[in-house]
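Peer 1: Handing you a structure now.
The values are calculated or read from the model by the stated rules, or taken from the named source; none is laboratory data. Small disclaimer: the values here were computed from a predicted structure and weren't measured. No Cβ is skipped: glycine too gets one built from the backbone with ideal geometry, and neighbour counts run over all protein chains shown. To get the accessible areas, we keep the full protein, side chains included, count just its heavy atoms, and leave off ligands, DNA and RNA. Shrake-Rupley method; radii C 1.70, N 1.55, O 1.52, S 1.80 Å.
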Amino acid sequence: EGRRGWFTSHSTPSSDGGECMYPLYIAREDREGEDIARADREGEEDASSDVIGYCTISPYRPGREALQYTAEISYYVDETHHRQGVASALVRHAHEECKRAGLKTLFAIIMNVNTASISFMSHMGYSVWGNMPGVADYNGVECGHTYMGIRL
């Protein structure tokens, strides 16, 4: 219930009635254990499959016209599905959809202690664009944010 507003912001149609420009993509696994390779935008509830990961596109500094073609990408994959291509499929799908929507630049904000995500995003073509040391507290440990970006 606490994430309903967040979910709604990623599934509400654009003001012109078109598709949401900042969607939420879902990777599912059917209950028989077969991975569903394509990334789908959340729609109707699917009782025959479990969510194993997601990828979101969020606006960067909404209302700033000069930044209208830039967005933030975030992703999560259940740890039991790591290194199985789920994150790659989600991010690739998001890239294609973002290009189609006219976005030109994506960036990810990653805690600098998350070296696996930094490595993964490098593999996906992202490069480090900046660091913000000591801005986050992760379980009582101060860490920084690494900004990684890509031009689509």
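Peer 1: Tell me which strands (runs of 3 or more DSSP E) are completely within region 66-152 and hold 1 or more residues being modelled with pLDDT of 95 or more and over 16 Å from the mean Cα position of the chain (by Cα), or say none if there are none.
Peer 2: Working: elements: 70-77, 105-111, 127-138, 141-151.
Ranges flagged: 127-138, 141-151.
Peer 1: Determine if region 126-147 includes at least one residue that is surrounded by fewer than 18 Cβ atoms within 10 Å (Cβ to Cβ) and either under 18 Å from Val77 (Cβ atoms) or in contact with a helix residue (DSSP H, G or I) (Cβ under 7 Å, 6 or more places away or on another chain) (or both).
Peer 2: So far as region 126-147 goes, no, none of its residues is surrounded by fewer than 18 Cβ atoms within 10 Å (Cβ to Cβ) and either under 18 Å from Val77 (Cβ atoms) or in contact with a helix residue (DSSP H, G or I) (Cβ under 7 Å, 6 or more places away or on another chain) (or both).
Peer 1: Taking only pairs six or more apart or across chains, which ones have beta-carbon atoms under 6 Å, a first residue in region 80-105 that is among the aliphatic types (A, V, I, L, M), and a second residue that is outside any loop (DSSP other than H, G, I, E, B) and open to solvent by 20 Å² or more (accessible area, probe 1.4 Å)?
Peer 2: Taking only residues 6 or more apart or on different chains, the pairs are Ala87/Tyr75; Leu90/Tyr75.
Peer 1: If a residue must be of a type in the set (Val, Ile, Thr) and surrounded by 14 or more Cβ atoms within 10 Å (Cβ to Cβ), how many such residues does region 114-125 contain? Step through it out loud before you land on a result.
Peer 2: Applying the first criterion (of a type in the set (Val, Ile, Thr)) to region 114-125 yields 115, 118.
If we keep only those that are surrounded by 14 or more Cβ atoms within 10 Å (Cβ to Cβ) as well, we get 118.
Final tally of qualifying residues: 1.
Peer 1: Just to be sure, is Val86 on the phi < 0 side of the Ramachandran plot, surrounded by 18 or more Cβ atoms within 10 Å (Cβ to Cβ) and touching a helix residue (DSSP H, G or I) at 6+ places or on another chain (Cβ under 6 Å)?
Peer 2: On the way: on the phi < 0 side of the Ramachandran plot: yes; surrounded by 18 or more Cβ atoms within 10 Å (Cβ to Cβ): yes; touching a helix residue (DSSP H, G or I) at 6+ places or on another chain (Cβ under 6 Å): no.
In short, no.
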